[in-house]
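Some notes on the structure that comes next.
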Amino acid sequence: MAAFTIFSLFFVGAVVIAQIDDGNNHFLQVLCTELHATPVGSTYNSTDAVMQACVDGNTCIGFKTISDNVYQLLYQLTGYEFDDTDDYYLWDKSNGETYQNAPNELDPKILFAIYSPGQCPVRFYEETTICRGSITSDICYSYPTYMAPQHDGTFCRVLTKQQVLDSWA
């Protein structure tokens with residue numbers, strides 16, 4: 001476990017920042033991390049073009065490098081895993097917020113991408129104190145454990161964004 005913690009801290013700290021829109025929007029190249037998201041739409045031939053398309057659409061979570069100078073937008077982030085890829089860029093909507101009890105430095109950025117723009121992930125709705133969505137159990141359990149995903153055979157339930165943030169405070 002200690003080896004994994006050291007490994008994750010090393011790679012979470014390895015982030016390259018690209019900016020667009022006078023520095024108001026930040027895209028982080030998450031090194032050695034694969035984002036579990038859905039690639040959708042046209043491809044773009046420059047990072048500036050794909051970042052602008054992401055900002056204009058406002059619902060993408062970032063983009064992926066498909067090949068040399070070819071990029072595609074990503075939607076519906078459910079999580080991530082550490083591996084040997086450097087192909088992913090995450091739109092950082094955390095506004096620089098940090099939380100002392102977050103699992104690592106990347107997780108607040110992941111959380112804000114999953115829950116953008118509200119208290120529940122895309123395809124979920126808020127039901128009193130929980131988020132509920134009609135998705136498969138495979139997708140449900142691909143969300144990070146700090147969201148406490150549970151699938152009952154029909155619906156997936158996860159904590160609201162605020163509940164996760166409160167647990168990290």
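No value in this document is a laboratory result; all are computed from the given coordinates. Owing to the predicted nature of the structure, the values given are computational and were not obtained by experimental measurement. A quick note on method: Cβ atoms are made from the backbone with ideal geometry, for glycine too, and the neighbour counts reach across all protein chains shown.
One table, with the values for the structure above:
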| item | result |
| --- | --- |
| Relative counts (whole %) of C-alpha pair distances in the chain, using bins that are 10 Å wide | 10, 39, 36, 15, 1 |
| Local net charge near GLU105, Cβ-Cβ under 14 Å (Lys/Arg +1, Asp/Glu -1) | -2 |
| Environment charge at TYR71 (Cβ cut-off 14 Å; Lys +1, Arg +1, Asp -1, Glu -1) | -3 |
| Sorted by Cβ neighbour density within 10 Å, fewest at the top, the residues ILE135, ILE130, ILE114 | ILE130, ILE135, ILE114 |
| In nm, spacing of pseudo-spin labels at THR59 and ASP86 (7 Å Cα→C-beta vector) | 3.3 nm |
| Percent breakdown of C-alpha pair distances by 5 Å bin, ordered from the shortest bin, for the range 74-169 | 2, 13, 25, 25, 19, 11, 4, 0, 0 |
| Distance in nm between pseudo-label sites at GLU127 and ASP48 (7 Å out along the Cβ direction from Cα) | 4.8 nm |
| Local electrostatic count at TYR80 - Lys and Arg +1, Asp and Glu -1, tallied over other residues with Cβ under 11 Å | -3 |
| Among THR128, THR59, THR33: highest mean-square fluctuation, GNM of the chain, C-alpha pairs under 10 Å | THR128 |
| Under 5 Å, built H, 5+ apart or other chain: amide partners of GLU127 | ARG132 |
